[in-house]
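I have placed the structure first, in the form of structure tokens, so that the comments after it can refer back to it.
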Amino acid sequence: MLKRLNNKERLSLLVKGAEVYTGGKLQKVDLRIENGVITSMGELQGANGEALFDASGCVLMPGLADVHVHLREPGFSYKETIATGTMAAAAGGYTLVCSMPNLNPAPDSPDTLQQQLEMIQADAYIPVVPYGCITKGQKGEGELVDFKALQPKVCGFSDDGRGVQRRELMAEAMKQVAQLGGMIVAHCEDESLLHGGYIHEGVYAAQHGHKGICSESEWKQVERDLELVKGSGCAYHICHISTKETVELVRRAKADGVNVTCETAPHYLLLCDEDLQEDGCFKMNPPLRASDDRDALIQGIIDGTIDMIATDHAPHSADEKSCGLSKSAFGIVGLESAFALLYTHLVKKNIISLERLIELMVVAPRKRFQFPAEVQVGQLANFTLKELQSSYKIERANFFSMGKAMPFEGWEVMGKTLMTVYNGVVVYKPSTL
């Protein structure tokens, strides 16, 4: 069951027995919601005729937030639509996504951005906040956009899919965005170091005759940008980091007080190039790196160097992903599987705590991008409810997303979404409930 944002049917329900994330920690409390508003929390007794939900074995937390999602509209609705992408997000437990600018037309002016905003208003099931481009046409070079004109309606500025190639151009972008109090959100990739590569330049590439992408193509631009941030004071966020060198650069920059945050994605934490198969479902950009890169990323989420986990949900058509590693399009989907994968393989294996996972997927992205959400009395209900006791298999055939390509088909996981609520309205509940 999914409902668009213009639905006004408010929830009234007593949720009993859940571990509730409130006030920065997990607490076992009951939650009463009346006409969409949380009216009380504690040890509560049901009233006559009151709807009750037994949430024993569940965690209730503010809705997940993903700051890196490709919704493909306008321009590429054969891959995904705002409706299907936000349906997938709600099913995954998200109540906020930030949409990347790889669109046609790219959101590089108020007029082109408005096309996207009108589609979001008409079709979204949960809130969507778009990015504006850094360069006109989202080319990573050429002319900068009018940042001031776009700033009021975007969450940041990105040319995701392309790194800004010239140091001078990025320096000027940071200067202008800093003056507005905005944020640069960077896809770091030095195109001069790619040499036609499409998977990591590692053991698998060498053994199977594939063209590799070196780690330096990522970390070298990160290194450049961190130097520029020191001079500009611009808020800076790094997309989908994948290398051990990037982790160390960010760690040092934070120790020096640089205004930087970063994200990684579930696939970089759970897989490496040793897991590659001759299948487009394993192709993304940046690519799956070596096992020591994966280990460094895990250490980065343990020690706080990495601030948040985003999915880089990047749907493509079946034809575009059926051409093997060399010719398939870059990108996999992730909204509907991210929490369960991470809960199963990081929390259940005692690598991080559940509270830390919530920080990575809820608290940190909302704090950095200034989208507050709390589960507290007097507020409209905004939460997701996850069942943590039983397991199920990830099956792409059940996805709401039009994109089906991802490397986790058939994985056994825990952490199924039982309910997602935004502003007091249920936007997702499985049809079996």
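Since every read-out is calculated from the coordinates, none of them should be taken as a lab result. Predicted model, so just to flag it, every value in this text is computed and none were measured. Every residue, glycine among them, receives a Cβ derived from its backbone with ideal geometry; neighbour counts consider all protein chains shown.
Data overview
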item: Inter-probe distance in nm under a simple model that places probes 7 Å from Cα toward Cβ, at residue 355 and residue 115; result: 4.8 nm
item: Under 19 Å from residue 211, Cα to Cα: lysines that are on another chain or at least 8 residues apart; result: 283, 321, 327
item: Per-residue Cβ neighbour rank within 10 angstrom, fewest leading, 21, 392, 428; result: 392, 21, 428
item: Long-range HN-HN contacts of residue 129 with modeled amide H, under 5 Å; result: 97, 98, 99
item: Residues 401, 217, 56 arranged by fewest to most Cβ contacts within 10 Å; result: 56, 217, 401
item: Cα gyration tensor shape of the chain, rounded if a/c is under 1.5, else prolate or oblate by comparing a/b with b/c; result: prolate
item: Gained length - residue 194 relative to residue 258, 0.36 nm times residue gap less alpha-carbon distance; result: 20.2 nm
item: Unit charges on C-beta of K, R, D, E only; dipole of the stretch 63-368, Debye; result: 520 debye
item: Gain upon complete extension [residue 397, residue 175; 0.36 nm per residue less C-alpha separation]; result: 75.3 nm
item: Sequence of 240, 313, 68 once ranked by neighbouring C-beta atoms within 10 Å, starting from the fewest; result: 240, 68, 313
item: 5 angstrom amide H check on residue 186, placed H, neighbours 5+ away; result: 237, 238, 239
item: Residue 146 versus residue 51: modelled label distance in nm, points set 7 Å from Cα along the beta carbon direction; result: 4.7 nm
item: Calculated FRET efficiency for the pair residue 206/residue 275, C-beta based, R₀ 22 Å, to 0.05; result: 0.90
item: For a label point 7 Å along the Cα-to-beta-carbon line of residue 292, residues of the stretch 175-203 with backbone N under 14 Å; result: 202-203
item: Selection from 249, 204, 360 lying farthest towards where the dipole of the chain points positive, charges on Cβ; result: 360
item: DSSP bridge pairs, the chain: antiparallel proportion in percent, nearest 5; result: 55 percent
item: Selection from 299, 60, 214 lying farthest towards where the dipole of the chain points positive, charges on Cβ; result: 60
item: Top positive-direction residue, dipole computed over the chain with Cβ charges, set 231, 351, 83; result: 83
item: Dipole magnitude (debye, nearest 20) for the stretch 7-106, charges at Cβ of Lys, Arg, Asp, Glu; result: 180 debye
item: Computed FRET value (nearest 0.05) for residue 168 with residue 27, which takes r as the C-beta separation and R₀ as 51 Å; result: 0.50
item: Potential lengthening between residue 39 and residue 326 on full extension [0.36 nm per residue; Cα-Cα distance subtracted]; result: 97.8 nm
item: Between the stretch 199-240 and the stretch 266-330, the Cα center-to-center distance that results, in Å; result: 14 Å
item: Cα-based Rg and Dmax for the stretch 24-103, where Dmax is the largest Cα-Cα distance (Å); result: 17.8, 52
